[in-house]
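Colleague: Sharing a structure here in structure tokens format.
The values are calculated or read from the model by the stated rules, or taken from the named source; none is laboratory data. Computed from a predicted structure; not experimentally measured. Note: ideal-geometry Cβ built from the backbone for every residue, glycine included; neighbour counts use all protein chains shown. Just the protein is used for accessible areas: all its heavy atoms, side chains included, with ligands, DNA and RNA removed. Shrake-Rupley method; radii C 1.70, N 1.55, O 1.52, S 1.80 Å.
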Amino acid sequence: MSQLRIAVLNAAHEDANTTRNFRRELDASLAEFDVTEGELPETFGFDGAVVTGSRTSVYWEEEWIAATKEWVEEAVARDIPFLGICWGHQLLADVLGGTVEDMGAYEVGYSEIERTGESRLFEGISSEFTAFTSHADEVSALPDGAEPLAENDYSNHGFRKDRVFGVQFHPEYDQKTARELVHRKGLSDERRDAVLAEITDENYQQACEAKLVFENYLEYVAELQSAEATSSGATSVRASSSD
């Protein structure tokens, strides 16, 4: 089977860490689009699509955000399976009719997250797991029909609706990315130092379990492709038999 073709909608404002991290974690043929510069796929010829994190809020009235939402909405209508990370999680929820709001707090650092339901996306991940987080917005209301998958005291941390998955945490983060993010945030000296002190080999290794969402997502996409190929083949056989 050929490699899956995945569109990566990169909303990270030319952050080289984002490109590096997603290329490392997604074992597929990737086509990356800098949506903050107005780059979007010209077609929908992809097996799946991933939406990254961003420094913006999905409810900001910016032209590139509106254009990204429009493309995503059409892609979802065409049954393209999606995975959203952090801002991507929020954007997908928004497109599907959920609510994204400022949560009045900033979650940053390695956090404990609890699974709230069974999902293919979280196969192999413990019922309580560690992941790096960085967000001040939350999905405060899930889209109608969406299933919550994970949460902590701050917010929802995962949902699924049909072929769309979102996670609020950052499974792709390595220690370099985490440290650079903490340094550029306007944290107090005390909080900055406390979060930096948590970025250790031990915590990173614990958080690596959450990376399974990438493998699970790609396996899910591959299964969809296989099922659709089988269905298409069966249809062709029936058509030939009726000639």
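Colleague: Being assigned to a loop (DSSP other than H, G, I, E, B) and surrounded by 20 or more Cβ atoms within 10 Å (Cβ to Cβ) is the filter here; which residues of segment 16-27 pass it?
Modeller: As a first pass, look at segment 16-27 and keep what is assigned to a loop (DSSP other than H, G, I, E, B): 26-27.
Listed by number, the list holds a single entry, Leu26.
Colleague: Considering segment 53-71 alone, what residues qualify as being closer than 25 Å to His157 by Cβ, open to solvent by 20 Å² or more (accessible area, probe 1.4 Å), part of a loop (DSSP other than H, G, I, E, B) and not hydrophobic (A, V, I, L, M, F, W, C)?
Modeller: If the condition is that a residue be closer than 25 Å to His157 by Cβ, open to solvent by 20 Å² or more (accessible area, probe 1.4 Å), part of a loop (DSSP other than H, G, I, E, B) and not hydrophobic (A, V, I, L, M, F, W, C), then Arg55, Tyr59 are the ones that fit.
Colleague: Can you tell me which residues in segment 147-169 are assigned to a loop (DSSP other than H, G, I, E, B), in contact with a strand residue (DSSP E or B) (Cβ under 8 Å, 6 or more places away or on another chain) and either of a type in the set (Asp, Glu) or open to solvent by 20 Å² or more (accessible area, probe 1.4 Å) (or both)? Break it down stepwise before answering.
Modeller: Pass one, segment 147-169, residues assigned to a loop (DSSP other than H, G, I, E, B): 152-155, 162-163, 168-169.
From what's left, in contact with a strand residue (DSSP E or B) (Cβ under 8 Å, 6 or more places away or on another chain): 152, 154-155, 163, 168-169.
Matches in segment 147-169: Asn152, Tyr154, Arg163.
Colleague: Based on this model, can you work out whether Gly109 counts as within 18 Å of Gly84 (Cβ to Cβ) and open to solvent by less than 40 Å² (accessible area, probe 1.4 Å)? Show your work before the answer.
Modeller: On the way: within 18 Å of Gly84 (Cβ to Cβ): no; open to solvent by less than 40 Å² (accessible area, probe 1.4 Å): yes.
When the stated conditions are applied, Gly109 does not pass them.
Colleague: Within segment 127-146, can you find the residues that are open to solvent by less than 50 Å² (accessible area, probe 1.4 Å) and not hydrophobic (A, V, I, L, M, F, W, C)?
Modeller: Thr130, Thr133, Ser134, His135, Asp137, Glu138, Pro143
Colleague: Next question, about the same structure. Can you find a residue in segment 30-38 that is closer than 22 Å to Ala93 by Cβ and part of a loop (DSSP other than H, G, I, E, B)?
Modeller: No - not one qualifying residue is present in segment 30-38.
Colleague: Could you count how many residues in segment 72-93 are part of a helix (DSSP H, G or I) and either polar (S, T, N, Q) or surrounded by 20 or more Cβ atoms within 10 Å (Cβ to Cβ) (or both)?
Modeller: Filtering segment 72-93 down to residues part of a helix (DSSP H, G or I) leaves 72-77, 87-93.
Remaining after also requiring either polar (S, T, N, Q) or surrounded by 20 or more Cβ atoms within 10 Å (Cβ to Cβ) (or both): 72, 75, 87-93.
Counting residues in segment 72-93 that are part of a helix (DSSP H, G or I) and either polar (S, T, N, Q) or surrounded by 20 or more Cβ atoms within 10 Å (Cβ to Cβ) (or both) gives 9.
Colleague: Consider segment 170-180. How many of its residues are in contact (Cβ under 8 Å) with a residue 40 or more places away in the chain and surrounded by fewer than 20 Cβ atoms within 10 Å (Cβ to Cβ)?
Modeller: Number satisfying all stated conditions: 3.
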